[in-house]
Amino acid sequence: MSKPLLEVKKLKKYFDVTGGVFSRKVGDVKAVDDVSFDVYQGEVLGIVGESGCGKSTTGKALLRLIEPTEGQVLFEGKDITKMNPEEMRKMRRDMQIIFQDPYASLNPRHKVEKILGEPLLIHGIGDKAERKKKVKEILEIVGLRGEQAASYPHQFSGGQRQRIGIARALIVNPKLIVCDEPVSALDVSIQSQILNLMDDLQDKFGLTYVFIAHDLSVVKHISDRIGVMYLGRMVELTSNEQLYDEPLHPYTKSLLSSIPNPDPDIKKERMILEGDVPSPSNPPAGCAFHTRCPECMDICRSVRPEFQEVSVNHFVACHLYEVDGDNSDQEQ
Amino acid sequence: MKKPVLEINNLQTHFFTDRGEIPAVDDVSFFIREGEVLGIVGESGCGKSVTSLSIMGLVPSPPGKIVGGNILFREQHSTKEETENLVNVSSKRMRQIRGNKIAMIFQEPMTSLDPLFSIGFQITEALNNHQNLSKKEARKKAIEMLNLVGIPRAEQIVDEYPHQLSGGMRQRVMIAIAMSCDPEVLVADEPTTALDVTIQAQILELMKKLNREKGTAILLITHDLGVVSEMCDRVCVMYAGKVVEEGDVRTILKFPKHPYTRGLLRSLPKMHEKQERLYSIPGNVPKPGSITDGCRFAARCSEVFDRCYKEDPELLTLSEGHTCRCFLYEKEGDVQHV
């Protein structure tokens, strides 16, 4: 396997909960709680989980759009959490993001030309004429027409706007793109267009994606490896095929069995979870999933399971698969 | 075969806006039999929600208006055998039916409950309006309903407020309210879209249980073909205000005929097989009212020919209970006479 482009080590993001007359800090919301993973050059790492599991916070913390509380994010070996704003600004040329809502993420008062030209301006790429040319080129690459640069965002449909969002990320030639639910606001027929486009662009420009989504079938389609998050923690991380053929963590199993399948002939055993996701401001002690886990044991209630490699490239945090002996730093 | 409890014939709901008259629902016909689950699938703007609002008499007016067609409702447990046309009934009679005989659950469990009133109050409100129960009986019934939809600690929850509940719990409360008067038809407009998959599985299971045990017919509106496959007996596929294909669930999902239905199914990422590329339907979903002549899907259809741009295809019967609106199948079936 190639070398990691991005290494995330023990990333934490706690949000303060304030209360009382003077807005004193009364607690933490542990949105991301000790998450570690690597992203390799040229791969697509999918991150799935339900709402509130911290997947979007993780994505934003990777780019320091949200400041991580603790932990390291190494991009090509350099720790970006220690960079000053100027270094970070330069760094962002290599790390871009696509947002979920194509309606909210484009400034309605700017023409597409300005929206797409801004990253170039900020990074000092080209002069005015060159920028104009680049904008036209990138629009054609993402499947729009060059002359549409003179339009405003409201003149486009949802799918077309998402194409503009992709173009904006792509225009500075980044190495890594964090895609935060890029297709969940779109209709099925448009969703497949955008997924194909992202696939093509990856091949063409040799991109690496961190693909965050809640829809497992979408993640399965696009990803090489998939991480499953629950309540701020990574519970399982393995290759695409492995995860779907042989899920280990009980949460992953139930998540997979909850997806309604459009094929009426495939009958499967349902594993329906009881209850709701607990609040991340007051997560259960021990394993965060123990309140809903069908295979809960005594140890799960008190001891937090280690995130460890149980077979080659298959990481899981569950007491059922505890390996004896040394289990530190096996993430190769 | 069971009798239809709700029958919709040539329904047309138009919106009168500054940009002109927009036919959001254009000549839609379908029926639901007793105890059946009928799915309506389609993408945003295809008119599926407006259809459900039309049935409930909740189309905002102005600008919306039902300009044609009828909605026939046959009450099961009454002496009357004949049907009522919900388009013409008085608003007094409509109030008696709505919430009592035909109930609805909405997509957003976060916004469809009133934050100022307790859960118990919101359930008993429906009971007070439709059934002569004393306060005590109504409260007892409310607790009973909460138990039915699987809410733990029902005696306490009944006095709590919506903000104290999670999204899945709120949707259960919505279902409890809708089911409190034992309706004959439950209209569920995207009931699980705002929920996570594990919670979605719980809510779908609950709706299936109510359908089985109480025999309530369900009109399930959704964009998710997976949900359709899990829940429905029959399906209507809508596109740009029209029904393009209708049939039993297996026929539609396994042997779809209309190019739109086929494209929709092919464009889904599959869980059980590896595909290199997804099929995609070119173009965008048309804005309501932007298409006037010919088949509405013509601009995106892979098998389009000249005639599609000029004439509007009729709904053809391909086999028993399977209809499709496409010129491709004209030789196979006879034109349906409605």
So B:Arg300, is it basic (Lys, Arg), surrounded by 11 or more Cβ atoms within 10 Å (Cβ to Cβ), more than 30 Å from A:Gln202 (Cα to Cα) and within 14 Å of another protein chain (Cβ to nearest Cβ): no
Residue in segment A:24-44 that is within 14 Å of another protein chain (Cβ to nearest Cβ) and surrounded by 19 or more Cβ atoms within 10 Å (Cβ to Cβ) present: yes
Residue count, segment A:204-216 (criterion: away from every other protein chain (no Cβ under 12 Å) and not in a loop (DSSP other than H, G, I, E, B)): 7
Filter result (surrounded by fewer than 24 Cβ atoms within 10 Å (Cβ to Cβ) and in contact with a Leu (Cβ under 6 Å, 6 or more places away or on another chain)) within segment B:180-217: B:Val185, B:Thr198, B:Thr216
Cross-chain or 6+ apart pairs with Cβ under 9 Å, segment A:188-208 first and closer than 16 Å to A:Ala167 by Cβ, then surrounded by fewer than 17 Cβ atoms within 10 Å (Cβ to Cβ) and polar (S, T, N, Q): A:Phe205/A:Asn173
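Residue-wise test of (1) under 21 Å from B:Glu84 (Cβ atoms); (2) surrounded by 24 or more Cβ atoms within 10 Å (Cβ to Cβ); (3) small (Gly, Ala, Ser).
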{"position": "B:Lys3", "(1), (2), (3)": "yes, no, no"}
{"position": "B:Glu7", "(1), (2), (3)": "yes, no, no"}
{"position": "B:Arg19", "(1), (2), (3)": "no, no, no"}
{"position": "B:Gly35", "(1), (2), (3)": "yes, no, yes"}
{"position": "B:Gly39", "(1), (2), (3)": "no, yes, yes"}
{"position": "B:Gly45", "(1), (2), (3)": "no, no, yes"}
{"position": "B:Thr51", "(1), (2), (3)": "yes, yes, no"}
Any pair with Cβ under 7 angstrom, 6 or more apart, that starts in segment B:146-172 at a residue that is assigned to a helix (DSSP H, G or I) and ends at one that is of a type in the set (Lys, Arg) and modelled with pLDDT of 85 or more: B:Pro162/B:Arg170
Residue identified as hydroxyl-bearing (Ser, Thr, Tyr) and more than 8 Å from chain B (Cβ to nearest Cβ) among A:Ser311, A:Ser258: A:Ser311
Selection within segment A:245-255 - assigned to a helix (DSSP H, G or I), in contact with a Lys or Arg (Cβ under 9 Å, 6 or more places away or on another chain) and more than 7 Å from every other protein chain (Cβ to nearest Cβ): A:Pro250, A:Tyr251
Residue within segment A:133-146 that is part of a loop (DSSP other than H, G, I, E, B), in contact (Cβ under 8 Å) with a residue 24 or more places away in the chain and touching a Pro at 6+ places or on another chain (Cβ under 8 Å) present: no
Test: residue in segment A:265-282 that is in contact with a Phe, Trp or Tyr (Cβ under 7 Å, 6 or more places away or on another chain), more than 11 Å from every other protein chain (Cβ to nearest Cβ) and crowded, with 19+ Cβ neighbours inside 10 Å: no
Residue within segment B:81-101 that is surrounded by 12 or more Cβ atoms within 10 Å (Cβ to Cβ), farther than 23 Å from B:Asn10 by Cβ and in contact (Cβ under 8 Å) with a residue 40 or more places away in the chain present: yes
Residues satisfying the stated conditions in segment A:56-71, i.e. closer than 17 Å to A:Asp16 by Cα and surrounded by 22 or more Cβ atoms within 10 Å (Cβ to Cβ): A:Thr57, A:Thr58, A:Ala61, A:Pro68
Scope segment B:31-68; condition among the hydrophobic types (A, V, I, L, M, F, W, C), more than 23 Å from B:Leu204 (Cα to Cα) and in a strand (DSSP E or B); matching residues: B:Ile66, B:Val67
Hits in segment B:254-274 (condition: more than 10 Å from chain A (Cβ to nearest Cβ) and buried (at least 17 other Cβ atoms within 10 Å of the Cβ)): B:Pro256, B:Lys257, B:His258, B:Pro259, B:Thr261, B:Arg262
Residue in segment A:231-241 that is touching a His at 6+ places or on another chain (Cβ under 7 Å), at pLDDT 90 or above, away from chain B (no Cβ under 11 Å) and more than 27 Å from B:Thr192 (Cα to Cα) present: yes
Qualifying residue in segment B:212-219 (condition: within 12 Å of chain A (Cβ to nearest Cβ), over 15 Å from the mean Cα position of the chain (by Cα) and over 28 Å from B:Phe121 (Cβ atoms)): no
Condition met for A:Val219 (surrounded by 20 or more Cβ atoms within 10 Å (Cβ to Cβ), at pLDDT below 90, within 15 Å of the chain's Cα centre (by Cα) and not in a strand (DSSP E or B)): no
Top-ranked residue in segment A:88-137 [being more than 24 Å from the chain's Cα centre (by Cα) and among the hydrophobic types (A, V, I, L, M, F, W, C); ranked as surrounded by the fewest Cβ atoms within 10 Å (Cβ to Cβ)]: A:Ala129
Criterion: more than 10 Å from chain A (Cβ to nearest Cβ) and over 20 Å from B:Cys46 (Cα atoms) - qualifying residue of B:Tyr309, B:Tyr329, B:Tyr279: B:Tyr329
Filter result for A:Arg292 (of a type outside the set (Ser, Thr, Tyr) and either within 23 Å of B:Lys209 (Cβ to Cβ) or in contact with a helix residue (DSSP H, G or I) (Cβ under 7 Å, 6 or more places away or on another chain) (or both)): yes
Residues of segment A:8-47 classified as touching a helix residue (DSSP H, G or I) at 6+ places or on another chain (Cβ under 6 Å), farther than 16 Å from A:Met234 by Cβ and of a type outside the set (A, V, I, L, M), total: 0
Residue selected from segment B:180-194 under the condition under 23 Å from B:Arg98 (Cα atoms) and of a type in the set (Gly, Ala, Ser), by the criterion nearest to the other protein chains (Cβ to nearest Cβ): B:Ala188
Any hit, segment A:53-67, residues being within 14 Å of chain B (Cβ to nearest Cβ) and among the β-branched types (Val, Ile, Thr): no
Count - residues of segment B:56-67 that are at pLDDT 85 or above, among the small types (Gly, Ala, Ser) and at negative phi: 1
Single residue of B:Val197, B:Val228, B:Val249, B:Val244 found to be more than 12 Å from every other protein chain (Cβ to nearest Cβ) and hydrophobic (A, V, I, L, M, F, W, C): B:Val244
Boolean, A:Leu186 is within 13 Å of chain B (Cβ to nearest Cβ), more than 15 Å from the chain's Cα centre (by Cα) and not in a helix (DSSP H, G or I): yes
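The values are calculated or read from the model by the stated rules, or taken from the named source; none is laboratory data. Computed from a prediction, not measured in an experiment: that's the story for all the values here. Quick reminder, even Gly has a Cβ in these numbers, built from the backbone with ideal geometry, and neighbours come from all protein chains shown.
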